[in-house]
Amino acid sequence: MSAAAAGWLQVALLVAALVAVHRPLGDWMARVFTTDRHWRVEQLVYRAVSVDADSEQRWPVHLRSVLAFSVIGVLFLYLLQRVQLWLPLSNDMTAVEPGSAWNTAVSFVTNTNWQGYSGESTMGHLVQMAGLAVQNFVSAATGIAVAIAVVRGFARTRTDRLGNFWVDLTRAVTRILLPLSMIGAVVLVLGGVVQNLSSGTEVSTLAGATQFLPGGPVASQEAIKEIGTNGGGFYNANSAHPFEGPTAWVSLFQVFLLLLIPFALPRTFGRMVGDQRQGYAILGVMATLATASITLVSWFEARAGGTATQLAGAAMEGKEVRYGEPLSALFGAATTLTSTGAVNSLHDSYTPLGGGVVLLNMMLGEVAPGGVGSGLYGMLVLAVVAVFVAGLMVGRTPEYLGKRLGRREMTLASLYLLATPALVLIGTAVAIAVPAGQASLLNEGPHGLSEVLYAFTSAANNNGSAFAGLSANTPFFNVALGLAVAFGRFLPIVLVLALAGRLAAQGRTAVTAGTFPTHRPLFVGLLTAVTLVVVGLTFFPALALGPLAEGL
Amino acid sequence: MSAPLSRTGRQYVAAARALLLATLVLGLVYPLAVTGLAQVLAPGQADGSLVKANGAVVGSSLIGQAYSDADEDPLPQYFQPRPSASEYDGTASGGSNLGPNSPELAALVEERRTAVAALNRVDPADVPPDAVTASASGLDPHISPAYAAIQVDRVAAIRGLPAAEVASLVAQYTSGRDLGFIGAPHVNVVQLNLALDGLGEA
């Protein structure tokens with residue numbers, strides 16, 4: 001079988017698996033967040049945390065809960081890294097440097113998992129398990145909780161209540177993330193991913209040298225790393241490391257895991273707003289963009305653009321033999337279409353245009369299908385803008401799901417769409433302008449600009465993958481990217497929760513003959529176009545100087 | 001004195017308690033439970049698929065090794081792995097991150113092509129891409145069947161074995177795509193070289 005044919009069969013299997021699970025999982029998630037029955041174990045949690053699980057929050061209170069939980073998360077994770085040398089199961093690792101510890105703490109709490117450090121030489125098992133992996137769970141659960149609050153904004157009428165953050169957070173963990181991770185982790189172990197508490201083994205190799213084989217509770221972390229679209233690798237090489245991704249099918253399984261919840265959430269949305277067709281319209285846009293992206297990355301990698309790539313005969317620099325090009329390209333596209341940022345190959349060594357597309361994936365705002373939760377609310381904001389654009393064309397007050405989109409709503413939606421690009425472009429400009437930024441580039445010319453642009457795009461969109469040639473573990477980048485990560489997570493959350501609060505307070509306008517239907521192919525096309533145009537206008541100049549200049 | 005906490009203060013107390021609970025359950029109970037399960041279900045894999053020779057652990061079938069002498073010249077009796085950005089250092093996984101137009105990478109590729117062609121006495125045009133490029137992990141235990149094929153004659157000659165016997169050993173450690181279409185065909189160099197040493201002793 002040709003590599004291309006095998007590549008398409010991989011995609012076909014992936015699509016079939018996602019189609020099969022999105023319904024039961026999406027319906028299950030809708031039940032999880034609409035039922036008023038608590039599990040016994042959840043009641044224990046609420047008692048321990050001392051929250052009234054049956055009271056709901058207004059949007060400012062919901063937001064304050066999100067922020068409080070995140071601030072505490074950053075502080076705790078920072079401290080844990082700083083004191084690891086005195087704690088058990090730390091494999092004699094020293095305290096993590098303050099700049100790196102801050103960057104890592106913010107990065108994991110925001111579901112970004114940008115990694116300036118190298119896992120196997122920086123983080124002991126305890127920090128990995130009790131620090132990083134815990135944030136993998138709860139940052140994903142936070143994203144889901146925010147998305148559900150936003151969906152309630154559309155689903156409810158004449159209320160100031162968006163649900164209870166602590167309840168949604170708890171249920172996202174107990175009923176969704178933890179069970180899925182247990183199953184995922186066991187599958188990964190059976191596939192060869194390591195799971196032990198050993199600090200490593202030193203062996204004498206056949207050639208007579210010594211080699212250190214690291215250990216670690218990897219499978220348990222790997223599962224939630226993908227399911228929660230986190231992406232932070234246990235080891236520096238992430239899913240390319242044979243202990244994280246031992247075989248090709250395991251790597252494909254990881255792609256499945258990282259797309260699982262984001263592609264099921266539109267179904268949850270459809271259920272909760274009482275109209276499945278609305279969910280499928282959103283899903284249609286996500287699937288269209290994702291398919292186009294996977295096709296383009298695969299094609300560009302197979303064409304092997306670039307002088308060095310041509311000399312080698314194929315784009316195998318930074319790729320593993322067991323995966324080959326098609327599976328590497330599929331993983332690269334999927335990880336940047338979501339907010340995962342795990343890698344099974346090195347994006348810095350991708351062909352110029354292949355690397356350009358994975359960069360573009362993140363610039364789309366990671367909405368196709370995006371991170372757990374953040375992808376859905378990002379796409380809903382774009383839907384609001386698409387309806388507004390359609391309203392302008394026919395001269396009607398725009399409505400989405402019976403909610404009028406007036407000046408305030410559009411202001412919030414517009415600010416949401418501007419926040420992340422502003423962080424990306426200003427951050428990149430500053431880094432390119434100052435010596436502390438320039439000093440970190442590995443590659444020259446347009447590719448060097450791409451490294452910095454990629455870093456800030458990845459940070460502000462909470463992706464976490466890198467053009468890893470950039471030496472990002474410097475004071476400048478630790479601080480600058482840490483700030484981009486934090487603002488890139490919380491500015492949009494503030495704006496989207498405010499929007500949800502306004503929407504929930506409204507009644508619902510009746511559907512008339514003049515209402516623009518948002519479940520038809522016309523709307524799917526419009527929303528796809530709006531997504532691409534917004535991103536195109538924002539980022540084209542930067543892309544032209546980076547990947548396009550290099551690849552054309 | 002216990003002044004009532006402000007509403008914001010209460011949020012932070014709830015946050016701290018929630019995080020503590022999460023740390024205990026998700027940070028300790030969950031990974032330890034998975035470790036327990038893994039050690040029961042698949043202990044060999046959970047411990048890193050270690051391989052032994054003469055009773056001693058000599059590596060992992062998943063982690064590539066360098067087969068070079070002290071001067072980093074390849075040992076010709078062993079199948080050579082791919083270039084590695086970290087020289088197969090198990091504590092420093094990672095790749096070169098050199099870009100597709102990097103002059104440095106272009107020079108490296110040319111240099112490696114010449115060296116591989118000379119070592120195996122083949123036409124430089126017959127050196128496959130994986131032989132001249134570094135992997136993402138720096139620990140890739142595999143090479144392509146094409147790279148294994150150009151090394152068979154050299155290894156057989158130096159070990160005084162029939163080429164057919166070496167070739168059949170290569171075939172034994174060659175895997176196709178998973179399920180016929182996932183990933184790419186690959187030869188496990190660690191297991192292959194281990195088996196070669198075993199042949200010599202038998």
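The values are calculated or read from the model by the stated rules, or taken from the named source; none is laboratory data. Model, not experiment: these values are computed from the prediction. With ideal geometry, Cβ positions are generated from the backbone for all residues, glycine too; neighbour counts draw on all protein chains shown. Just so you know, the surface numbers come from the protein's heavy atoms only, side chains and all, with ligands and any DNA or RNA stripped out. Shrake-Rupley method; radii C 1.70, N 1.55, O 1.52, S 1.80 Å.
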### Message
Between A:Ala48 and B:Asp197, what is the label-point separation in nm under the 7 Å Cα-to-beta-carbon projection?
### Response
4.9
#### Entry: P(r) of the protein assembly as shown over all Cα-Cα pairs, binned every 20 Å from zero, in whole percent
18, 51, 26, 5, 0
### Query
Roughly how crowded by other chains is peptide A:62-72, in terms of the mean Cβ count from those chains within 10 Å of each of its Cβ atoms?
5
### Message
Using the crude model of +1 on Lys and Arg Cβ and -1 on Asp and Glu Cβ, and no other charge, please compute the dipole size for the protein assembly as shown relative to its Cα centre, in debye to 20.
### Response
4200
### Task
Go through B:Gly9, A:Ala237, A:Gly406 and say which Cα lies farthest out towards the positive end of the charge dipole of the protein assembly as shown; charges sit on Cβ, +1 for Lys and Arg, -1 for Asp and Glu.
A:Gly406
## Note on the structure
Quick calc of log₁₀ I(q)/I(0), the range A:158-202, Debye, one scatterer on every Cα, no solvent, q values 0.32 1/Å, result -1.04
### Message
Checking buried surface per residue: for the range B:25-39, which residues lose a minimum of 20 Å² accessible area in the protein assembly relative to the chain alone (1.4 Å probe)?
### Response
B:Leu26, B:Gly27, B:Leu28, B:Tyr30, B:Pro31, B:Leu32, B:Val34, B:Thr35, B:Leu37, B:Ala38
### Query
On average over all directions, what projected area in square nanometres does the range A:485-540 have, based on the convex hull of its Cα atoms?
5.9
### Task
Just tell me how shielded A:197-206 is by partners: mean number of partner chain Cβ atoms within 10 Å of each residue's Cβ, no decimals.
6
### Query
Taking R0 as 30 Å, what's the FRET efficiency between A:Leu522 and A:Trp8 from their Cβ-Cβ distance, rounded to 0.05?
0.55
### Query
Along the principal axes of its C-alpha atoms, what lengths does chain B span, in descending order and rounded to whole Å?
87, 46, 39
### Task
Can you send over the solvent-accessible area of A:Trp8, 1.4 Å probe, protein chains only, in Å² to the nearest 10?
120
### Task
For A:Arg404 and A:Ser121, compute 0.36 nm times the residue count separating them, minus their Cα-Cα distance, and round to one decimal in nm.
96.5 nm
#### Entry: For q = 0.23, 0.32 Å⁻¹, Debye-computed log10 I/I(0) when each Cα of the range A:390-429 counts as one equal scatterer
-0.77, -1.03
## Note on the structure
Per the helix-only model, chain A has a calculated mean residue ellipticity at 222 nm (DSSP H runs of ≥4, -39500 (n - 2.57) each, divided over all residues, rounded to the nearest 500) of -20500 deg cm²/dmol
### Potential extension, A:Arg23-A:Ala510 segment - 0.36 nm per residue separation minus Cα distance
172.5 nm
### Task
Give a residue-ordered list of calculated ³J(HN,Hα) values for the range A:526-540 (Karplus: 6.51 cos²θ - 1.76 cosθ + 1.60, θ = phi - 60°; whole Hz; x for Gly, Pro).
5, 5, 4, 5, 4, 4, 5, 5, 4, 5, x, 5, 6, 10, 4
### Query
Under 18 Å from a point 7 Å along the Cα-to-Cβ line of A:Leu190: which residues of the range B:4-36 have their amide N that close?
B:34-36
### Message
Interface size between chain A and chain B, please: total buried accessible area, 1.4 Å probe, rounded to the nearest 100 Å².
### Response
7600
### Summary
Sorted by chain and then number, the residues having a modelled amide H within less than 5 Å of the amide H of A:Gly318, at least 5 places away or on another chain, are B:Ser96, B:Ala134, B:Ser135, B:Ala136
## Note on the structure
With x for Gly and Pro, the residue-by-residue ³J(HN,Hα) of the range A:379-387, computed from phi through the Karplus equation 6.51 cos²θ - 1.76 cosθ + 1.60 at θ = phi - 60° and given in whole Hz, is 5, 5, 5, 5, 5, 4, 5, 4, 5
### Task
Send over a whole-number figure in Å² for the accessible area per residue of the range B:7-101, probe 1.4 Å.
42
### Message
Before I look further, what does chain A give for accessible area per residue, probe 1.4 Å, in whole square angstrom?
### Response
32
### Message
Taking the Cα of A:Arg303, stepping 7 Å toward and past its beta carbon, and measuring to each backbone N in the range A:1-38: which are under 19 Å?
### Response
A:3-5, A:7-8
### Message
Place a point 7 Å from Cα of B:Glu104 in the direction of its Cβ. Which residues in the range B:136-167 have their backbone N less than 18 Å from it?
### Response
B:136-138
### Unit charges on C-beta of K, R, D, E only; dipole of the range B:51-201, Debye
400
### Karplus-derived 3J(HN,Hα), 6.51/-1.76/1.60, for each residue of the range A:273-285, Hz, glycine and proline x
8, x, 8, 4, 5, 5, x, 6, 5, 4, 4, x, 5
### Heavy-atom accessible surface of the range B:51-201: percent carbon and sulfur, 1.4 Å
54
### Task
Report, to the nearest 10°, how far helix A:445-460 tilts away from the longest principal axis of the Cα atoms in chain A, using its own Cα long axis and a range of 0 to 90°.
50
### Task
Quickly work out the A:Val430-to-A:Val83 label distance, labels modelled 7 Å from Cα along the C-beta direction, and quote it in nm with one decimal.
3.2
### Top positive-direction residue, dipole computed over the range A:348-429 with Cβ charges, set A:Pro369, A:Leu382, A:Thr397
A:Thr397
### Query
How many angstrom lie between the C-alpha centres of the range A:420-455 and the range A:56-78?
31
### Solvent-accessible area lost in complex, 30 Å² minimum, residues of the range B:164-182 relative to chain alone, 1.4 Å
B:Arg177, B:Asp178, B:Phe181, B:Ile182
### Task
Pop a pseudo-label 7 angstrom from the Cα along the beta-carbon direction at both A:Arg58 and B:Val29 and give the gap in nm to one decimal.
3.6
### Task
Which order do the peptides A:470-480, A:146-156 take when ranked by the mean count of other beta-carbon atoms within 10 Å per residue, highest first?
A:146-156, A:470-480
### Message
Suppose a student asked you for the relative contact order of the range B:140-199, using Cα pairs under 8 Å spaced at least 6 residues apart; what percent would you report?
### Response
41
### Accessible surface of chain A, 1.4 Å probe, proportion on carbon and sulfur as whole %
66
## Note on the structure
Per residue of A:129-138, other chain Cβ atoms within 10 Å number on average 5
### Message
Could you tell me the extents of the range A:1-66's C-alpha atoms along the three principal axes, largest first, rounded to whole Å?
### Response
60, 27, 20
### Message
At a 10 angstrom cut-off on C-beta neighbours, averaged per residue, how do the peptides A:519-525, A:506-512 rank from highest to lowest?
### Response
A:519-525, A:506-512
## Note on the structure
For chain B, the helices passing both cut-offs (Cα extent along own axis of 15 Å or more, Kyte-Doolittle mean at least -1.0, full DSSP H runs) are B:7-24, B:30-41, B:103-120, B:189-201
### Query
Kirkwood hydrodynamic radius of the range A:1-138 from all distinct Cα pairs, in Å?
18.6
